[in-house]
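Participant: First the structure, which I've put down as structure tokens, then a few questions once you've had a look.
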Amino acid sequence: QGIKDKAVLEAMRKVERHLMVPKDVHRYAYEDRPLPIGKGQTISQPFIVAFMTQAIKPKPGMKVLEIGTGSGYQAAVLAEIVDEVYTIETVEPLAERARETLTEMGYDNIHFRVGDGYHG
């Protein structure tokens, strides 16, 4: 679908999306569609995550700020490529679940904050 960046494609293959969604939707985790993650929020469809990631031309050495952690999926994809990801989420239960999931997955280059990204 137009995603050509090899690092982005490899990151998308590596990140286990099913670990970031509720068990009742695991069977849909690798379909190219958004899925509910609770609190009225969704995990973005894989194409959109790949498209946004490719758009910033990520490379090793970069630090990236993500506004809206959600499930942590975008943060994980970015963390596979760049050195540091800083992510902020207003919905505390989602932020905590993402932190737990990504820590269990072994990501140590993602830094979390609960708050309103509008304020930096």
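Participant: Which one of these is of a type in the set (Val, Ile, Thr), modelled with pLDDT of 95 or more and touching a Pro at 6+ places or on another chain (Cβ under 6 Å): VAL64, VAL114, VAL82, VAL15?
Facilitator: Values: VAL64 fails: touching a Pro at 6+ places or on another chain (Cβ under 6 Å); VAL114 fails: touching a Pro at 6+ places or on another chain (Cβ under 6 Å); VAL15 fails: touching a Pro at 6+ places or on another chain (Cβ under 6 Å).
After ruling out the rest, the residue left standing is VAL82.
Participant: Can you tell me which condition ILE3 does not meet? The list is (1) open to solvent by less than 60 Å² (accessible area, probe 1.4 Å); (2) assigned to a strand (DSSP E or B); (3) of a type in the set (A, V, I, L, M, F, W, C), and all the others hold.
Facilitator: Looking at each condition in turn, ILE3 falls short on (2).
Participant: So which strands (runs of 3 or more DSSP E) are wholly in the stretch 31-120 and hold at least 1 residues that are open to solvent by less than 30 Å² (accessible area, probe 1.4 Å), over 20 Å from ALA11 (Cα atoms) and touching a residue at least 12 places away in the same chain (Cβ under 8 Å)?
Facilitator: Working: elements: 35-38, 41-43, 63-67, 84-89, 110-114.
Output list reads 35-38, 84-89.
The values are calculated or read from the model by the stated rules, or taken from the named source; none is laboratory data. Since the structure is predicted, the reported quantities are computational estimates derived from the model, not experimental observations. Quick reminder, even Gly has a Cβ in these numbers, built from the backbone with ideal geometry, and neighbours come from all protein chains shown. Keep in mind that these areas ignore ligands, DNA and RNA; they rest on the heavy atoms of the full protein, side chains included. Shrake-Rupley method; radii C 1.70, N 1.55, O 1.52, S 1.80 Å.
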